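Chemist: I have a structure here, written as structure tokens, and I will follow up with some questions on it.
Derivation of every value follows stated rules applied to the coordinates shown; laboratory data play no part. On a predicted model such as this, the values are computed, not experimentally measured, just so you know. Neighbour counts run over all protein chains shown; Cβ positions are idealised from the backbone, glycine included.
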Amino acid sequence: MLQMSVNSGPNAAPDASLARTLAQLPEGEAGVLDHLELPDDIARRLMELGFLPGHIIVPARSAPGGEPRVYRVDGSEVALRRETASRLILRPSNGTANSKPAGKGSQL
Amino acid sequence: MSDCHDCAGCAVAEAPPGLQKSARTHVVAIIGPPNSGKSTLFNRLTGLRQKVANFPGVTVEQRVGKAKMHKGATPYHHDVVLVDLPGVYSLNPRSEDEQVTRDVLAGAMPGIPKPDALLLILDCTNLGRHLVLAAPILSLKLPTLVILNMADDLASRGGHVDTAELANELGSPVALISASKGQGVEKVFQFMEGTSAGTTSLSPPRVELPVLQDIPRCRQWAHDVGSGAAYQAPAPPIWTRRLDSVFLHPIAGPLIFLIVVAGVFQTIFSGAKPLMDGLQALFLKSGHGIEHILPPSIFRSLLVDGILSGVGAVIVFLPQILLLFLFIGILEDSGYLARAALIADRTMAKFGLQGKSFIPLISAYACAVPAIMATRTIENKRDRLATILIAPLMTCSARLPVYLLIIGAFIADRPLLGRFFGMQAGALLGLYVLGFVAAIATARLLKSSILKSERVPFVLEMPPYRWPTLRSLGLRLVDRSKVFLRRAGTVILLVIVVLWVLENLPVKNGQPPEIADSFAGMIGHAVEPVIKPLGFNWKIGIGLVSSIAARETIVGTLGTIYGKEGTEDSLGLRKALQSDLTPGGAIALLIFFAFAMQCMSTVAVVRRETGGWKWPAIQFAYMTFLAYFCALIANEVVRSGVFTLTAHR
């Protein structure tokens, strides 16, 4: 979890262009999932819960201590541990974190 | 979570899982994703006419019930049998749940006829994601009613869907209902009337079904179908977010969590006390009543001293268990249980477990049987198995009478920490801690060896908060009572009667024998060499043998053996024990009870939940070894005089 230290603190600049994985995305900011660096069967399990490439994910509250964290995705809320969230890679964003990219099926 | 809950019904005794399909039986399966309200609908349609078992050979729960059809609504008086399938997001057979669902739908599950019709239940506040399941279900080409549940939520949060247009697209009837409020449920009955009468005709979906293995395309398909039916997703649940900002607050959250856990404990112990005392008094009274009515005889002795006191000693725990389940029911139905699991996850992870193991382990303080059934909310099979295996080490309420008896007799009632916390309370607390430490140490051991975790990550869906309904809570409690009373009326009753017979045979000169000469005494003498190193004599041996069925039995047994009243408050029994058991033996007995798996109901429920004898056998051997070994050490240490115990003789 070394990569965690970069941009996860409360004082970190809310610069979404640095946020490479879901675990690095600050609470309340939207990110767009690019791909899942997880074994196929686990990736499919998460995709069934809405963690699909192109979908918008917003980190919400976490348990005390920072994990697991609740993520708003595809109309529901799902909690993941940091080890899982750090395997979900986000699309690079050009600084406007809340802009909605042309993701398919993400607004239903 | 609410879909895999254990307690809408849980039979320890094996209910016949199979259904006999006759010409008059019409089988309807209910299928839906987790948290779609599947169980609520099943309860709504069947009421109390349901049976819970496992699907043959697997640990997946099977609930079957008869639909409450209107009289004369179905021709030829068809019985409509409902099968509740596990909550799944897809039919890709990766988990046991999905495999079972596939097998039942294909008619490949032994004992379950292929369903004649399907009820597909979806949460319409999240239709986009839930509609994905419609693709594989509709491709089965069975008569299907698509049920959009949570209609009340959809409306109150400003969502909308055109059911007529959705039905048009899918080629299946669509019903917008609220299973918890009962709105629109008549449409479900009408559908089943139609399919059982054979008047429902199949029409193919107007929309083309997607390639099932491609999840992104299935999701896109669901989106398009939803858009076609003018689906307007509801606004986010405002109240859920407000409540989460309190319950998941960095400071208030853990505090509330601790208060809730303390509340569960307080309820288990003191809240149930008046009810338990009342029940105890009732049993005593009826015993005296019978003694007044019947003349002294062997039969009266069996009835009063054997059955009534023995079974009564167990039934006394019913209020505790029901209160615990009421508590768990409220926590689960309201949605707080998921938040509790979230908060507990980090701590539980240190022991190799996860957040969802927390509530079952807390429940195990009341009784391991419901706790083990409550592990059904843990999807990760290894985490679930580890939780099942350590649950009986938590200090259940059946150990309490034994602890109270021995501590009362052997630990001096001196102040330990101030006036309000004495040595006796300290000893009791110590035993609770001992059980907990043994449980988490065992968990670590298991998770770092034979149950080393699969690569399945921790994933927890957070359902919106909802008001629990009295109906669902009531159903759980009725069901729990049935299960518990069945256990008291079968296993425990049998042991009590057998023990009574063994204590009263062989008859000499028409008189029951002295206890030492009875068959029970012979058994006690036979096991004495094995238990002697622990500081136990043959009388304790009889108690131990009888307590293999259920721990609390030993109190009654020792009471009978010492010819005194068999209650833990009885001074007579304490005195008898003080003169008959060394301090080392007494401490060893406490330790033995803390670790040993003396509970046939637990063995039975572990066998049922793990689908075989392997795990209960391993568990029984491990716990017995641990108990024997630690009791041996305890006896030696106390005997050597490292600690001095002052008995108040």
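Chemist: Please report the antiparallel percentage of the DSSP beta bridges confined to chain B, to the nearest 5. Please list the in-between numbers first.
Modeler: Values: 14 of 33 bridges.
Looking only at bridges with both residues in chain B, the antiparallel portion is about 40 percent.
Chemist: How many angstrom lie between the Cα centre of region B:84-99 and the Cα centre of region B:185-229?
Modeler: Region B:84-99 and region B:185-229 have Cα centres separated by 18 Å.
Chemist: Right, next: In degrees, nearest 10, range 0 to 90: what is the angle between the Cα axis of helix B:423-448 and the longest Cα principal axis of chain B?
Modeler: 50 degrees
Chemist: Report, in degrees rounded to the nearest 10, the 0 to 90 angle that the Cα long axis of helix B:336-350 makes with the longest principal axis of chain B.
Modeler: Value to nearest ten degrees: 60.
Chemist: Quick one: if the Förster radius is 22 Å, what FRET efficiency do B:L477 and B:E96 give, using the C-beta to C-beta distance and rounding to 0.05?
Modeler: On the way: r = 29 Å, r/R0 = 1.30.
Efficiency for this residue pair is about 0.15.
Chemist: Continuing with this model, one more query. What does the charge dipole of region B:263-421 about its Cα centre add up to, to the nearest 20 debye, if the Cβ of each Lys and Arg holds +1 and the Cβ of each Asp and Glu holds -1? Before the final figure, lay out each step's value.
Modeler: Numbers: 14 positive and 9 negative charges, 91 e Å.
It comes to approximately 440 debye.
Chemist: Could you compute the FRET efficiency for A:H35 and B:I251, with r as their C-beta to C-beta distance and R0 at 30 Å, rounded to 0.05?
Modeler: Values: r = 37 Å, r/R0 = 1.22.
About 0.25, to the nearest 0.05.
Chemist: How far is it, in nm, from the label point at B:I618 to the one at B:L282 when both lie 7 Å from their Cα along the line to the Cβ?
Modeler: Result for the modelled spin labels: 4.2 nm.
Chemist: Right, something else. What does a probe at B:K508 reach in region B:296-323, counting residues whose amide N is under 15 Å from the point 7 Å along Cα→Cβ?
Modeler: Output list for this probe position: empty.
Chemist: May I pose another question? If we count other beta carbons within 10 Å of each Cβ, what is the order of B:I407, A:I89, B:I31, fewest first?
Modeler: Details: B:I407 22, A:I89 16, B:I31 27.
Final ranking by Cβ density, sparse to dense: A:I89, B:I407, B:I31.
Chemist: Another question, then. Could you give the size of the charge dipole of chain B about its Cα centre, using +1 on the Cβ of each K and R and -1 on the Cβ of each D and E, expressed in debye and rounded to the nearest 20?
Modeler: Working: 60 positive and 46 negative charges, 91 e Å.
Around 440 debye, computed over chain B.
Chemist: Please report, to two decimal places, log10 I(q)/I(0) for region B:240-385 at q = 0.08, 0.15, 0.16, 0.21 Å⁻¹ as given by the Debye formula with identical point scatterers on the Cα atoms and no solvent.
Modeler: Here the Debye-derived log intensity ratios amount to -0.35, -0.81, -0.88, -1.24.
Chemist: Which FRET efficiency, nearest 0.05, do B:E291 and B:D580 yield, Cβ-Cβ r, R0 30 Å?
Modeler: Values: r = 28 Å, r/R0 = 0.94.
So, using R0 = 30 Å, E works out to roughly 0.60.
Chemist: Continuing with this model, one more query. Give me the one-decimal nm value for the distance between modelled label points at B:M522 and B:K181, 7 Å along each residue's Cα-to-Cβ direction.
Modeler: 7.0 nm
Chemist: May I ask you to compute the full-extension gain from B:A412 to B:T199, defined as 0.36 nm times their residue separation minus their alpha-carbon distance, rounded to one decimal in nm? Could you put the intermediate results ahead of the total?
Modeler: On the way: separation 213, 0.36 × 213 = 76.68 nm, distance 7.80 nm.
Additional length available on full extension: 68.9 nm.
Chemist: Still on this model: For helix B:238-247, report the angle its Cα long axis makes with the longest principal axis of the Cα atoms of chain B; keep it between 0 and 90° and round to the nearest 10°.
Modeler: 30 degrees
Chemist: State, to one decimal in nm, how far the label point of B:S227 lies from the label point of B:S449, with both points 7 Å from Cα in the Cβ direction.
Modeler: Taking the two extended label points, one gets 5.7 nm.
Chemist: Please compute, over every Cα-Cα pair in chain B, the percentage with a separation greater than 43 angstrom. Mind showing how you got there, number by number?
Modeler: Working: 65894 of 210276 pairs.
Result: 31 percent of Cα pairs exceed 43 Å.
Chemist: Sorting A:T84, B:T387 on the 10 Å Cβ count, fewest up front, what's the list? Walk me through the numbers before you get to the answer.
Modeler: Working: A:T84 22, B:T387 28.
Lowest to highest Cβ neighbour count: A:T84, B:T387.
Chemist: Now for a separate question. Let me test this: with uniform point scatterers at the alpha carbons of region B:139-213, what is the Debye-based log₁₀ I(q)/I(0) at q = 0.17, 0.22 1/Å?
Modeler: -0.74, -1.06
Chemist: Order by neighbour count: B:H292, B:H26, B:H525, fewest other Cβ atoms within 10 Å first, most last.
Modeler: Values: B:H292 7, B:H26 25, B:H525 15.
Sorted ascending by nearby Cβ count, the order is B:H292, B:H525, B:H26.
Chemist: Which value at 222 nm does chain B reach when only helices count, each DSSP H run of 4 or more adding -39,500 (n - 2.57), with the total divided by all residues and rounded to the nearest 500 deg cm²/dmol? Display every interim value, and only then the final one.
Modeler: Values: 29 runs with 340 residues, N = 649.
Result for chain B, helices only: -16000 deg cm²/dmol.
Chemist: Would you mind calculating the gained length between B:R486 and B:L470 on full extension (0.36 nm times residue separation, minus the Cα-Cα distance), in nm to one decimal? Write down the numbers at each step before the final one.
Modeler: Values: separation 16, 0.36 × 16 = 5.76 nm, distance 2.41 nm.
Full extension from B:R486 to B:L470 adds 3.4 nm.
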